[in-house]
Amino acid sequence: MSKCCIMGLGYIGLPTASIVAKSDHYVIGVDTNPSIVDTINNGDVHFFEPGLEKTVKELVSLNKLKASLKPEPSDVFLIAVPTPFKDINKGIPEPDIQYVLNAAKTIAPYLKEGNLLIIESTCPVGTTEKLKLALENYVKCDLDKLHICYCPERVIPGSILTELVTNSRVIGGLKPDDGKLAKQFYETFCQGEINLTDARTAELVKLTENTFRDINIAFANELSIISDHLKVDINELIYLSNQHPRVNILKPGCGVGGHCIAIDPWFLASALPGNTHLIQTARKVNNEKVSWVIKKIEERSKIFERENGRFPRIGCFGLTFKPNVDDIRESPAKKIIDNLISMNLQLLICEPNLKHLPNMNLSDLDYVIKNSDFLVFLVAHKEFKNLDLKNKVYFDVCGVIS
Ligand code: SAJ
């Protein structure tokens, strides 16, 4: 049994801490937010993820998981802090790796020769090398005797605890031996295949995966606009096209949100602004889907007003960034609703995964269906499937009804 110190107790850090602690390591989770530390030490969680609350409660009561504001000497140090972006470089947002470097500096005084140091945060290529350089003036041990690796998280919100165990992993060590040691650590809780490479390749693999998804969703979103114009049902079109053995079109929606797919492609684009046209265009297409949906709703509202001599009450279904989560980070549905509110349109809003939200009234599903003049489905939550919408006019942006 080894001791593992996990820096950052957010959407990735806390579930990872739980799975690592469950597999017989002792885990100390570090966060700069005292309220998060207190919440976890009380056996609670600060966001919803299936199975997480029960697991954290159990591990904290068994003293296998503890949260703290400060690291402790450990065998393994794992960094899972956010990498936001800053808006510079001629309109292309640039990643900000300061949280990763600060986390490394915070653990530096605790590092001993032979320790394993892993970055899991999504990072621009070259970050693992930069982290080693940043440690130079802070560590007390021989820097070359540390094992430093990049191993990107690959889990999907809603299934994080399962995917942490079942997904395959890619590990890039700064030196070949670094990766081998990290592989032994991941094998203690991960059943998926573990592939070894160098740090730069592993960093690029992560960005490639999320950019691949963004580009493919952009194609689905563009197709949905073409189909609308040509009066073809987009869901039938995709279903039939996907019967081809080598075609697999993703689902169109009201845009792309969350803290990964909507952000990570910029990490590549900002590295080579002149050679990433496809990546930048996909980002643009997915962002513009939000404006297209707003325009469509506005048009329908005007038609209703003309025909009925009053403004419609518009029922909006879904606020989160994707189905069946309570996360609104970068949510396109929320952007659409915020915009409609700023246009003074009358909205009734239903979001089954949230109890309340500042400055927004949420209503029950049945109430919104009954009291709206037309309905807009923005997020394909399970609660919206198989609804009885007889005599109701609706605009299904996310394919949940058809
Ligand atoms: N979306 C669509 N159509 C689709 C699929 C998704 O419009 O067919 C939208 C969603 O509604 C959402 C956004 O895309 O707004 C992103 O959702 P997602 O389910 O594609 O991805 P995330 O952000 O929850 O998780 C992704 C995953 N990456 C890949 O699938 C390549 C996950 O494996 C990563 O670990 C995660 O990013 C991350 O943390 O990087």
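The values are calculated or read from the model by the stated rules, or taken from the named source; none is laboratory data. On a predicted model such as this, the values are computed, not experimentally measured, just so you know. Cβ placement follows ideal geometry from the backbone for every residue including glycine, while neighbour counts extend to all protein chains displayed. For accessibility, only protein heavy atoms count, side chains too; no ligands or nucleic acids. Shrake-Rupley method; radii C 1.70, N 1.55, O 1.52, S 1.80 Å.
A few comments on the model shown:
- Leading residue by the ranking (surrounded by the most Cβ atoms within 10 Å (Cβ to Cβ)) among those in the stretch 347-358 that are out of contact with any Asp or Glu (no Cβ under 9 Å at 6 or more places or on another chain) and under 22 Å from Ser291 (Cβ atoms): Ile349
- Test: residue in the stretch 148-159 that is assigned to a helix (DSSP H, G or I) and either under 28 Å from Pro73 (Cβ atoms) or open to solvent by less than 30 Å² (accessible area, probe 1.4 Å) (or both): no
- Single condition Val170 does not satisfy, out of (1) of a type outside the set (Lys, Arg); (2) touching a Pro at 6+ places or on another chain (Cβ under 9 Å); (3) in a loop (DSSP other than H, G, I, E, B); (4) within 14 Å of the ligand (Cβ to nearest atom): (3)
- Taken together, the criteria place Ala199 among residues that are touching a Phe, Trp or Tyr at 6+ places or on another chain (Cβ under 6 Å) and closer than 14 Å to Leu116 by Cβ.
- Scanning the stretch 117-146 for residues that are in contact (Cβ under 8 Å) with a residue 60 or more places away in the chain and under 21 Å from Gly10 (Cα atoms), we see that the one that is surrounded by the fewest Cβ atoms within 10 Å (Cβ to Cβ) is Pro124.
- Filter pass, Asn248 being part of a helix (DSSP H, G or I) and within 16 Å of the ligand (Cβ to nearest atom): no
- The single residue among Val56, Val81 that is touching a residue at least 60 places away in the same chain (Cβ under 8 Å) and either of a type in the set (Gly, Ala, Ser) or within 22 Å of Tyr186 (Cα to Cα) (or both) turns out to be Val81.
- Residue within the stretch 8-15 that is in contact with a Cys (Cβ under 6 Å, 6 or more places away or on another chain) and surrounded by 24 or more Cβ atoms within 10 Å (Cβ to Cβ) present: no
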